[in-house]
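What follows is a set of notes on a single structure, which appears directly below.
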Amino acid sequence: MIPVKIAPQWHQQLTSFFISEKWQTLQHFLEEEQLGYTVYPKTTEFFRALELTDYTQVRVVILGQDPYHGENQANGLSFSVPNGQKLPPSLRNIFQELKNDLQIERYDSDLSDWAKQGVLLLNTVLSVRAHQANSHQGRGWETLTELILTKLSAAQQPIVFVLWGKQAQKYKKLLTNPNHFIIESPHPSPLSVYRGFFGSKPFSQINTYLVAQQLPEIHW
């Protein structure tokens, strides 16, 4: 059995998924994968984003794709790696834009401090086979992602949804509540960072919106 370690309000919101046949099928797939391959992140960190940021605490969603597939990188939060690890290119570019946008020089690569402030760092797929990008796509995680985003779209609290790249932007159709704010730009990967990610100023946009909603800024 895959441990489902998530915050209490998420349990209430996501019960329909975790009692579904789709979750049973996904668990079976993951258990089979772990018998033959290395899977990232650790099983206990699959749901780390939903553990650190509970449903009513969410102020910002940064939607990633699948976890990093290199050794000692994925830690259950989109774009985040443990402190002391070499920065993946996308995260390095995110930090470069943070510096350009808000003149903040960030050194911690573990983004759990963002998560604890209400930034849901959610990957659309929560696991990956080592060294094989996108290897767990289409196995059932996307059903959970869609449910999470639908529940957040229905939330009363104002939320900023950050959709970097075409994969994340596919989920925009679920975000139907006009009370929320959506930021879209190219992905921070080296392939697309110069097509509009650099200069998009997402961090100042987020804080400007939160202040306008009489909410605290994120300390990036």
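How large is the convex hull of the Cα atoms of the range 1-110 per residue, expressed in Å³ as a whole number?
Values: hull volume 12.6 nm³, N = 110.
Measuring per residue, one finds 114 Å³ for the Cα hull of the range 1-110.
Would you mind getting the accessible area per residue of the chain, heavy atoms of the protein chains only, 1.4 Å probe, in Å²?
Working: 10510 Å² over 220 residues.
Solvent-accessible surface per residue comes out at 48 Å².
Tell me what the chain gives for mean residue ellipticity at 222 nm when only DSSP H runs of n ≥ 4 count, each as -39,500 (n - 2.57), the sum divided by the residue total, rounded to 500 deg cm²/dmol. Don't skip to the end; give the middle numbers.
Details: 8 runs with 78 residues, N = 220.
Result for the chain: -10500 deg cm²/dmol, rounded to the nearest 500.
Rounded to whole Å and sorted largest first, list the principal axis extents of the Cα atoms in the range 163-219.
For the range 163-219, the Cα spread along each principal axis is 37, 26, 14 Å.
I'd like to know which of 164, 145, 135 lies farthest towards the positive end of the charge dipole of the range 68-220, counting +1 on Cβ of Lys and Arg and -1 on Cβ of Asp and Glu.
135
Just how large is the dipole of the range 96-220 about the Cα centre, in debye to the nearest 20, putting +1 at every Lys and Arg Cβ and -1 at every Asp and Glu Cβ?
Dipole about the Cα centre, nearest 20: 460 debye.
Counting other Cβ atoms within 10 Å, which trypsin sites (Lys or Arg not before Pro) in the range 28-83 have at most 15 and lie in a DSSP loop?
Listed in order of number, the matching sites are 42.
If you roll a 1.4 Å probe over the chain with all protein chains in place, what percent of the accessible area is carbon or sulfur?
That share works out to 50 percent.
Quote the charge dipole size of the chain about the Cα centre in Debye, to the nearest 20; the model charges only the Cβ of Lys and Arg (+1) and of Asp and Glu (-1).
For this selection, approximately 440 debye.
How many percent of all Cα-Cα pairs in the range 45-152 sit more than 19 Å apart?
43 percent
Find the centroid of the Cα atoms in the range 106-124 and in the range 168-220, then give the distance between the two in whole Å.
The distance from the Cα centre of the range 106-124 to that of the range 168-220 comes to 14 Å.
Based on Cα coordinates alone, diagonalise the gyration tensor for the range 33-72, multiply each eigenvalue by 5, take square roots, and list the semi-axes in whole Å, largest first.
So the three semi-axes of the range 33-72 are 25, 12, 7 Å.
By a straight-distance test (C-alpha under 28 Å), which lysines pair with residue 116 as possible cross-link partners, with residues fewer than eight away in the same chain excluded?
5, 42, 86, 99, 151, 166, 170, 172, 173, 201
For the range 85-220, place one equal point scatterer on every Cα, skip the solvent, and apply the Debye formula. What is log10 of I(q)/I(0) at q = 0.09, 0.20 Å⁻¹?
-0.28, -1.51
Suppose every Lys and Arg Cβ carries +1 and every Asp and Glu Cβ carries -1, with no other charges. What dipole size does the range 1-93 come out with about its Cα centre, to the nearest 20 debye?
Result for the range 1-93 is approximately 400 debye, rounded to the nearest 20.
The values are calculated or read from the model by the stated rules, or taken from the named source; none is laboratory data. Computed from a predicted structure; not experimentally measured. Neighbour counts are summed over all protein chains in view; Cβ atoms, including those assigned to glycine, are modelled from backbone coordinates with ideal geometry. Note: areas computed on protein heavy atoms with side chains; ligands, DNA, RNA excluded. Shrake-Rupley method; radii C 1.70, N 1.55, O 1.52, S 1.80 Å.
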